[in-house]
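S.K.: Please find one structure pasted underneath; my questions will follow.
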Amino acid sequence: MSDQAETTVIVDTNHGAFKIALDATRAPKTVENFLRYVDDKHYEGTVFHRVIDGFMVQGGGYDERYERRPTREPVENEAHNGVKNTRGTVAMARTGEPHSATAQFFVNVSDNAFLDHKSKEPRDYGYTVFGRVTEGMDVVDKIKGLKTGAVASFSKDAPLEPVVIRSVRRA
């Protein structure tokens, strides 16, 4: 896994591209999981389906028709790794169950301390940060500024102008 410790991926969208440096040292299981999805081309044709200015942009789970993409088994939550959910960091999305993250990820567009690990209790477990945007944060900021509303099964926070992930590939 040492070659993964400094892996960078390029997220290419119809709104521009940005680079993410992955932190396999502090989130090895999460990075391994994410790279499997990258190498399997899972993210091609998915969308950023949840965009909240002042919070985050989330994608990787739904295609352009807003149909859920199939995923593998969830990955163990590594939020206890000490990495904080600060602006520009990339973390795994999950349900209320701490160890439920699969393919969806989000970019923090603000410092979101309330997402950090506080304890191993389910409500305080936090969200695993596994990377940081190193180039193209202006693209993420452009995405977070899009007008949002109801789209398909989402009652709010979906971009009214689609943000399609064309590819996520190793740099």
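Taken together, the values in this text are just the output of simple stated rules run on the coordinates, not laboratory data. Note that this is a predicted model, so its numbers are computed, not measured. Cβ coordinates were reconstructed from backbone atoms using ideal geometry, including for glycine residues, and neighbour counts include every protein chain displayed.
S.K.: What's the number of the only condition in (1) of a type outside the set (S, T, N, Q); (2) in contact with a strand residue (DSSP E or B) (Cβ under 8 Å, 6 or more places away or on another chain); (3) outside any loop (DSSP other than H, G, I, E, B) that PHE114 fails to meet?
M.R.: Of the numbered conditions (1) of a type outside the set (S, T, N, Q); (2) in contact with a strand residue (DSSP E or B) (Cβ under 8 Å, 6 or more places away or on another chain); (3) outside any loop (DSSP other than H, G, I, E, B), the odd one out for PHE114 is (2).
S.K.: Read through the list (1) among the hydroxyl-bearing types (Ser, Thr, Tyr); (2) in contact (Cβ under 8 Å) with a residue 60 or more places away in the chain; (3) over 22 Å from VAL151 (Cα atoms), then give the number of the only condition that SER119 fails.
M.R.: Going through the list (1) among the hydroxyl-bearing types (Ser, Thr, Tyr); (2) in contact (Cβ under 8 Å) with a residue 60 or more places away in the chain; (3) over 22 Å from VAL151 (Cα atoms), SER119 breaks only (2).
S.K.: Out of curiosity, is ASN81 surrounded by 15 or more Cβ atoms within 10 Å (Cβ to Cβ), within 21 Å of THR25 (Cβ to Cβ) and polar (S, T, N, Q)?
M.R.: yes
S.K.: For VAL133, work out the one condition from (1) touching a helix residue (DSSP H, G or I) at 6+ places or on another chain (Cβ under 8 Å); (2) of a type in the set (Val, Ile, Thr); (3) outside any strand (DSSP E or B) it doesn't fulfil.
M.R.: Here VAL133 clears every test but (3).
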